[in-house]
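Single-structure report; data block below.
The values are calculated or read from the model by the stated rules, or taken from the named source; none is laboratory data. Model, not experiment: these values are computed from the prediction. We place every Cβ from the backbone using ideal geometry, glycine too, and count neighbours over all the protein chains shown. These area figures cover heavy atoms from the full protein model, side chains too; ligands, DNA and RNA do not enter into them. Shrake-Rupley method; radii C 1.70, N 1.55, O 1.52, S 1.80 Å.
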Amino acid sequence: MEKVVGKNIERFDAKSKVTGTALYADDIPLNDFLYGAQVGSPVARGILKAIKKDPDFDWTGFTFVDYKDIPGKNEVESVVWDMPFLVESEIRYHGQAILLLAHKNKETLEEGIKRISFDIEELPYVTTIDESLSKKIIMAREDNVFRTKLLHRGDLEKGFKNADFIFENTYYTPHQEQAYIEPFAMTAHWENNKVYIKGTMQCPYYIHGGLKVLFDKKDDEVIIAQSAVGGAFGGKEDYPTVISGHAALLSLKSGKTVKIIYDRDLDMNITTKRHPSKSVVKIGVTKSGKITALDMDFILDGGAYETMSSVILARGMLHAFGPYELANVRINGVIVATNTPPNGAFRGFGAPQSFFAIESQIDLIAQKLNMSPSELRKLNFVKKNGTFPTGQLLGDDVLITEVFEQMLNNADYENLQKEIAEFNKNNKTKKRGFGFSTFFHGAGFTGNGEVMVASKAGVRLQKDGKVFVLVANTEMGQGAHTVLPQIVAEALELPMDYVRTEKVDTSIVPNSGPTVASRTTMIVGEILRRVGKKIKKTLNYNNESDYLEKVKAYLNNKDSENFYETYNKPPKIVWDDENYRGDAYGTYAWAAYGVLTEVDTLSYDVKLINAWSVFDIGKVINPLLASGQVEGGMIQSFGYALTENIVFDKKGKYWNADFTNYIIPSIMDVPKMHIDFYNREYEFGPYGAKGLGELPMDGGAPAVNNAIRNAIGVDLFNLPLSPEQIMDKMER
Amino acid sequence: MNKIKVSFKVNNKDYEIETTPLRRLLDILREDLKLMGTKEGCGEGECGACSVLIDGELSLACITPATQLEGKEILTIEGISDKDGEPSYIQKAFIDKGAVQCGFCTPGFVMATHKYIKDGGSNDETKIKEALSGNFCRCTGYAKIVDGVKEAIVRHNDKEAK
Ligand code: FES
Ligand code: FES
């Protein structure tokens, strides 16, 4: 039997997408429906006194919903349920939904939105971490602090005493918008007291849980289905619960199907973004470059409600120490509140922020010590069978040194340095530099997350021999619905055409957990591999035709049978969430970036010329899809490095919530990318695969920062690494 | 609001519709003609997801009002596929080179590529990038889209040679 794992199997959805026939949420034909919309707060903070409808406007045909129409709880289910679906009295951010409207005519609806106004007692607000920390204005909890966590190892004081030098710097990162090209769109309807949702989403069972709470419903009374999804990157992880709730409330009240579509402006203004961060990094180091202590305050801006920020803080902290063996560490994590829309998931989930700080600081130290940044790194890298600061004993699959060497090799580091020196000698106004970053990503949920979720996945075996993969994990462009069937086909020892993924609908598929945390291939894929093996063993066939005979005989007079398995924890994973000790992740995927930049010393523009990356993601199941993930993630991380930034207007509203002023990378900004994988199979992943999705996002910003440092010798501490910031440093 | 009558062709089919003068071509295509392949990513002329050809020129359907459509010939993604609905050589090249991920930007990129090749565009990477610079993709990092266009040019030239 020819192998299917490791092959560039064509995406199952490729044809429908290139021909324009794939049905995204806004493309699905509907009969007799209303358009729905929210009317949001015009201020960032206040107390709602009254909702006013223009008496001169013709309100015929409108449906109105406010919080009093909620049958269940006005709480969005999340890690912490502190956010309401609709404002009752307290307003915490600009654009927060107060009233919902629906009408069958889109233009009339838009006119109606303009004819609604609010009486609000305005209150002073905060939009930044430092404003929130100053506590001059308290806007949430007793002290603007949602949560604190501490990670600790060794003796910090002793560590700093043993240091010859101590370097302390503060790093800031801004909001980052996911900027999926398909904005939010969701449709709801009711039938026999059951609510049906269809639209763009990552995690149908999150919406399922959320709507049960909102409407006080049972499991089988809420049915969530996914349409084609035009990109998500974490942005469609938690927010879909809110928009689904809104559509379902309007549908319940009007008795009609309701579709809510956000335009780009609204989508960028009110949906979740990457948490802004502030990292105060203090590192003690000996003359020879050995790190003796790391002390870090890692502060995230959670936005107006805590929601799921605590798990993002956890992941940020558990990557904040970098790929280094450190005996004395303290990482102090804090989430503060601000009057901005709640921040949420975005590819990398806290790690891009903390890696920017640690990997920039390591490079800065190398420069101050007059050491090569590669030597400083190699000296401190965690080695095989080393220990991470949580006390996690790593195995012999620590590959940071290997991927780093391979990256330097691919970039031909020695020669490249000479070429750069030569170039810089011959160019007055253009300076080149090479910078790198070394990083990792824990695949799957943090700590005991996978055990708690206890994912169940399966397949439906049909009489005709066709096999349908039953998972709640969504296809959002990353290729999951092609990669998972590949794994199943391999386990069944059958050609690909026998296997495909069933549509994601909670009335059909089990809860195999959310499509997040780089977990789908590694965790769900492994469950499916076991399902495939079980079928193979049960039917005990030798080849394809034997298989077809045996399926018929086995199913006898049934048309199909479902086979399921649930998550099996690899042995030896133990995590203590109270004290932050133990195995934070079952395994880590390791990576290194190298970036060649060119800085224009007149305009301070930074151009990316070449980018090298080496990834250890275990076995690569589908190389074409995997390298596509890497390239896309690299470019997102370069956007984060150089241009992406949210700015506020005087009302506490995002000023640049559009593609004109929020600058994502265009095709002109893309460097030549050299992608490579370090193929080593992971014992507990399907055919040796680990997670991939988020890893490419983690390392871009520090690599670019270090390349700029290498080119023009300035130390930058804030993202984005803008021409203004460089100018400011250069002219000082 | 006053309505106007406009007649135009879409994918070689004649249409006459009554609509308000400022109604966007994007809405006419999607709502009236039920041609859902043309996407709205931004609605403000920035992302290229709504790209179509109007009288052979690459245009953005989200900022083209009904008043500009009289007598025009419009080509959308639905008019690119082969007669039987199978992918054209450009679309096949996109598939083979992995240029498609979430696919939301794809119709726009296919239209821009179609225009580029129709105008005799070369395999020069900078020229290809310039031709596609009006389109955003957040998934692919563009590398495989450039590969797809190059491959399409090769296949186009092979076809011509035959
Ligand atoms: S939707 Fe027309 S350019 Fe974005
Ligand atoms: S493939 Fe998703 S935006 Fe291009």
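A compact table of results
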item: Positions within segment A:285-295 being surrounded by fewer than 24 Cβ atoms within 10 Å (Cβ to Cβ) and touching a Ser or Thr at 6+ places or on another chain (Cβ under 8 Å), in sequence order; result: A:286, A:292
item: Spans of strands (runs of 3 or more DSSP E) in segment A:170-279 with at least 2 residues more than 16 Å from ligand 2 (Cβ to nearest atom) and open to solvent by 20 Å² or more (accessible area, probe 1.4 Å); result: A:185-191, A:194-199, A:257-261
item: Filtered residues of segment A:125-168 (kept if among the polar types (S, T, N, Q), within 30 Å of residue A:303 (Cβ to Cβ) and in contact with a Ser or Thr (Cβ under 6 Å, 6 or more places away or on another chain)); result: A:127, A:132, A:144
item: Filter result for the condition that a residue is of a type in the set (A, V, I, L, M) and either within 8 Å of chain A (Cβ to nearest Cβ) or on the phi > 0 side of the Ramachandran plot (or both), over B:54, B:74, B:63, B:80; result: B:80
item: Residue within segment B:142-161 that is away from chain A (no Cβ under 13 Å), touching a Ser or Thr at 6+ places or on another chain (Cβ under 8 Å) and more than 16 Å from ligand 2 (Cβ to nearest atom) present; result: yes
item: Test: residue in segment A:22-40 that is assigned to a loop (DSSP other than H, G, I, E, B) and within 16 Å of ligand 2 (Cβ to nearest atom); result: yes
item: Looking only at segment B:83-103, and only at residues there that are within 7 Å of chain A (Cβ to nearest Cβ) and open to solvent by 10 Å² or more (accessible area, probe 1.4 Å), the one that is farthest from ligand 2 (Cβ to nearest atom); result: B:85
item: Residues within segment B:113-141 that are at the interface with another protein chain (Cβ under 10 Å from one of its Cβ atoms) and either part of a helix (DSSP H, G or I) or away from ligand 1 (no atom under 16 Å from the Cβ) (or both), tallied; result: 8
item: Residue count for segment B:112-141, restricted to those that are farther than 17 Å from residue A:632 by Cβ and within 14 Å of ligand 2 (Cβ to nearest atom); result: 3
item: Filter result (out of contact with any Pro (no Cβ under 7 Å at 6 or more places or on another chain), at pLDDT 95 or above and small (Gly, Ala, Ser)) within segment A:510-541; result: A:512, A:513, A:532
item: Residues (under 21 Å from residue A:675 (Cα atoms) and aliphatic (A, V, I, L, M)) located in segment B:110-145; result: B:143, B:145
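Residue-by-condition table, conditions (1) open to solvent by 10 Å² or more (accessible area, probe 1.4 Å); (2) polar (S, T, N, Q):
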{"position": "A:348", "(1), (2)": "no, no"}
{"position": "A:353", "(1), (2)": "no, yes"}
{"position": "A:358", "(1), (2)": "no, no"}
{"position": "A:368", "(1), (2)": "yes, no"}
{"position": "A:375", "(1), (2)": "yes, no"}
{"position": "A:409", "(1), (2)": "yes, yes"}
{"position": "A:417", "(1), (2)": "yes, yes"}
